[in-house]
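None of the figures in this text is laboratory data; all of them are computed from the coordinates on show. Predicted model, so just to flag it, every value in this text is computed and none were measured. Glycine also receives a Cβ, built like all others from the backbone with ideal geometry; neighbour counts cover every protein chain displayed.
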Amino acid sequence: MLNLKRVSKNYKIGDTVINALDHVSLKVEEKEFVAIMGPSGSGKSTFLQVASMLAEPSAGEIFLNGVEVSSYNEIQRARLRNKQIGFIFQSFNLLARTSALENVMMPLFYAGIKTDSNYAMDKAKEMLERVGLGDRLYNTPAQLSGGQQQRVAIARALINDPTLIFADEPTGNLDSKSGEDIKKILKELNKEGKTIIMVTHEEDVAEIAKRQIVFKDGKVLSDHKS
Amino acid sequence: MKISAIFKLALKSILLNKSRSFLTMLGVIIGVGSVVLLTSIGTGLQAYVTDQFASLGTNILYVVPGNPFGEKGGFGGQQSVIERTKPVLKRRYFNSVIRNNRDLIKDGVFTTATVTGAKYGKITKTVTLYGVTSSYESVYNTQANKGRWFTSSEEEKSERVALLGPKIAEELFGQIDPVNKTILLNGQSYTILGVLKEKGGGFGGPSFDSYVYLPAETIFKYFDTEFIDSFIFEVRNKEQIKDAKLAIEKTIGKELKDDEFTVFDQTQLLSTINSILGMLTVGLGGISAISLVVGGIGIMNIMLVSVTERTREIGLRKALGATPNLILAQFLIEAALLSVIGGLIGLLIAYLGSLALQAYFPAKVTIQAVILAFGVSTIVGLIFGVAPAKKAAKLSPIEALRYE
């Protein structure tokens, strides 16, 4: 499903060029649950940005469902992210003073669906019920706990039925109890057939994935399935 | 994508920060309010002046010494200042115009004026004596409300008779009926024949209502003057105005040089006044437009702050599928909405202000002023919204998401 062929990403800081990703080739199949690990500066975050179409690769090719997407321009990438990719961030990134329902609807808005339509309302409610927040539809982030906020973010990632979900340290800002809830939800989503790529540096979080890839110095150090 | 959806988004974020949005709008509110209010005063004045002229009649031609419209004379009412040294207009010119152009000119008046003290009982006033001929009544459509006009025989005999404008009548006589009473003008007694009906006019300055009307011959005889200020001719019908003007110029031109007198009609006078008032309106509007620009800068300032403050939101929107153009539209529309809402509030304030002014002053909010203010405030919002919106659209989603 996701296929990276010799993908590199270079940053220039002053005169020095940093190879954050160095000719990485990697395949992720449908319904896989992949944990990306590695020390900071290993390139795991850069991998997530490039693979999720947030950033353009400096070299190499990326195929999504057999379509070459690495040469897409900014607008094409925005549309691709909207339709095919779900994002779960470490710091939730919900809009303040905006209800859970409206936060969840945001990807629908950019997909061109009227957010005051019954379809959008029903869909957003369904997603929130799925993460166990059916009774918190109109709460704003300030009225929700960290774990609840992250569940809203997961509902938002699911609303456009993406083919791929990227999670960047999804439990990083949570206490262990809330972290367990999120881990459970991610496991369930994978069981239901969602493909998930998750960046984490915590061993116990990585263990819920069926495949662990370790990055070092912009290269894949190890890749094994459990 | 649906612009209306972006509108809702922009409106929502304006409402999310109500007090800040209002303070941002304040500049535009003041700008639009003052532009519309000041131009409404200007156009109101123009309408008022036009009205006043229409009430004086439209088939009237004036002859005055010198050239009040030219560079030398300077426009200053019905007479030119520089020609005061010797009498220019003479009664025989007036008579020959009337005699030679019976087909074009129905009637005429010649006028003179002087200032003196008037006394009735214990009340003394300084008044303008307006010396006219008895034909003034019909030419200017100025009937006596009480009493009667003087006759041409009273005029020929230079009798000491007078009519009062309603305002001066009230000032001198109060509730008493002035007809057949005697007043002292320059120490000599005059019989009041009548009081004229109200004409209005004269912003602050003397109006027709506060003049004392005497036969011109009486003024020449008792007040040591022989100046005729103007000839006023009533043309038989409006279409003949041009012909009559040429005929008068020809007749008087036999006696005087071209630059010693001017023949003009109401429209000429009116257009001169209107061009002055128009200029005034534009000038006032222009000065207040500066505050509109200041308001625009205020909007730009707040939008720039807002873009910085909402960097993470922008990054998130982009990550979730917002294209740069959609982000641009969102912030641009937000700036324009701030400006337009401010403009509408300013318009409302200006309208209420003009209503309040109407008691003292002829203010008039015109459709043009409304459209102009609305258009300008929209454009101000768009222009000053471009820089912040572009900044927002250019943000990279990764950088923006990382921003703390």
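Work out how far the C-alpha atoms of the protein assembly as shown reach from end to end along every principal axis, then list the three figures in whole Å, largest first.
132, 50, 41
Among A:PRO170, A:LEU158, A:GLN212, which residue has its Cα furthest toward the positive end of the charge dipole of region A:130-226, with +1 on Lys/Arg Cβ and -1 on Asp/Glu Cβ?
Value computed over the given set: A:LEU158.
Convert 37 °C to kelvin, take the viscosity as 0.692 mPa s, use the Kirkwood radius over C-alpha pairs of region A:1-62 as Rh, and evaluate the Stokes-Einstein diffusion coefficient in µm²/s, rounded to a whole number.
For these conditions, the coefficient is 269 µm²/s.
Between B:GLN143 and B:LEU23, what's the calculated FRET efficiency when r is the beta-carbon distance and R0 is 51 Å? Round to 0.05.
E between B:GLN143 and B:LEU23, to the nearest 0.05, is 0.30.
Is there a simple number for the mean count of other chain Cβ atoms within 10 Å of the Cβ of residues in B:12-24, and what is it?
Mean partner-chain Cβ count within 10 Å for B:12-24: 1.
Looking at this model, which pairs from B:LYS181/B:LYS221; A:LYS31/B:LYS8; A:LYS125/B:LYS318 are more than 27 angstrom apart at the alpha-carbon?
The pairs that break the limit, which is 27 Å between Cα atoms, are A:LYS31/B:LYS8.
How far apart, in nm, are the 7 Å Cα→Cβ label points at B:LYS8 and A:SER222?
Placing both labels 7 Å beyond Cα along the Cβ direction yields 5.2 nm.
Can you give me the distance in nm between label points at A:GLU56 and A:GLU29, each placed 7 Å from the Cα along the Cα-to-Cβ direction?
For A:GLU56 paired with A:GLU29, the spin-label model returns 3.4 nm.
So for region B:161-280, averaging the separation of alpha carbon pairs under 8 Å that are six or more residues apart and normalising by length, what relative contact order in percent results?
22
Which aspartates and glutamates, on any chain, are close to A:LYS5 with Cα under 18 Å apart, when same-chain ones fewer than 8 places away are left out?
Reachable aspartates and glutamates: A:ASP22, A:GLU29, A:GLU30, A:GLU56, A:GLU61, A:GLU68, A:ASP217, A:ASP223.
Is the C-alpha gyration tensor of region B:351-404 telling us rounded, prolate or oblate? Criteria: a/c under 1.5 is rounded; beyond that, a/b larger than b/c is prolate, otherwise oblate.
Prolate.
Can you say what percent of the DSSP beta bridges in region B:89-255, counting only those with both residues inside, are antiparallel? Round to 5.
For region B:89-255, the DSSP antiparallel bridge percentage is about 75.
Please give the FRET efficiency for A:ILE18 paired with A:GLU74, using the beta carbon to beta carbon distance and R0 = 25 Å, rounded to the nearest 0.05.
0.65
Once Lys and Arg get +1 and Asp and Glu get -1 on their Cβ, which of B:LEU280, B:LEU193, B:PRO215 lies farthest toward the positive end of the dipole of region B:191-296?
Toward the positive end, the furthest listed residue is B:LEU280.
Rounded to the nearest angstrom and ordered from largest down, what semi-axes does the equivalent ellipsoid of chain B get from its C-alpha gyration tensor (root of 5λ)?
Its equivalent ellipsoid spans semi-axes of 66, 23, 16 Å.
Kindly give Rg over Rh for region B:318-396, based on alpha-carbon atoms, with the Kirkwood expression for the hydrodynamic radius.
Reported Rg/Rh, Kirkwood definition of Rh: 1.23.
Return the Cα extents of region B:272-404 along principal axes one, two and three, sorted largest first, each rounded to a whole Å.
64, 26, 21
Mind pulling the per residue volume of the convex hull built on the Cα atoms of region A:101-226? Å³ is fine.
Hull volume over Cα atoms, normalised by residue count, gives 124 Å³.
For region A:1-96, which GluC sites (Glu not before Pro) pass both filters: DSSP loop (anything but H, G, I, E, B) and at most 16 other C-beta atoms within 10 Å?
For GluC sites (Glu not before Pro) across region A:1-96 that sit outside H, G, I, E and B with at most 16 neighbouring Cβ atoms in 10 Å, the list reads A:GLU29, A:GLU30.
Where nothing but the Cβ of Lys and Arg (+1) and of Asp and Glu (-1) is charged, how large is the charge dipole of the protein assembly as shown around its Cα centre, in debye to the nearest 20?
So the magnitude is around 580 debye.
Grab the DSSP H runs of chain A that are 4 residues or longer, score each as -39,500 (n - 2.57), total them, divide by all residues and round the 222 nm result to the nearest 500 deg cm²/dmol.
-10000 deg cm²/dmol
log10 I(q)/I(0), Debye, Cα-only region A:151-202, no solvent, q = 0.13, 0.24 Å⁻¹?
-0.28, -0.99
Treating each Cα of region B:89-255 as an identical point scatterer and ignoring solvent, apply the Debye formula and state log10 I(q)/I(0) at q = 0.13, 0.14, 0.17 Å⁻¹.
For the requested q values the scattering log ratios are -0.64, -0.73, -1.01.
How many Cβ atoms of partner chains, on average, are near each residue of A:113-122 if near means within 10 Å of its Cβ?
Mean shielding count: 1.
With N set to the residue count of region A:1-130, report its C-alpha Rg divided by 2.2 N^0.38 Å to two decimal places.
Normalised by 2.2 N^0.38 Å, the Cα Rg of region A:1-130 equals 1.23.
Scattering from the C-alpha atoms of region A:2-225 alone, worked out with Debye: what is log10 I(q)/I(0) at q = 0.11 1/Å?
-0.54
Counting partner chain Cβ atoms within 10 Å of every residue's Cβ in A:84-97, what's the average?
The mean count of partner-chain Cβ atoms within 10 Å per residue comes to 3.
Return the subset of A:LYS177/A:LYS210; A:LYS27/A:LYS183; A:LYS194/B:LYS390; A:LYS187/B:LYS391; B:LYS2/B:LYS394 for which the Cα-Cα distance in this structure is over 30 Å, preserving the input order.
Pairs exceeding 30 Å: A:LYS194/B:LYS390; A:LYS187/B:LYS391.
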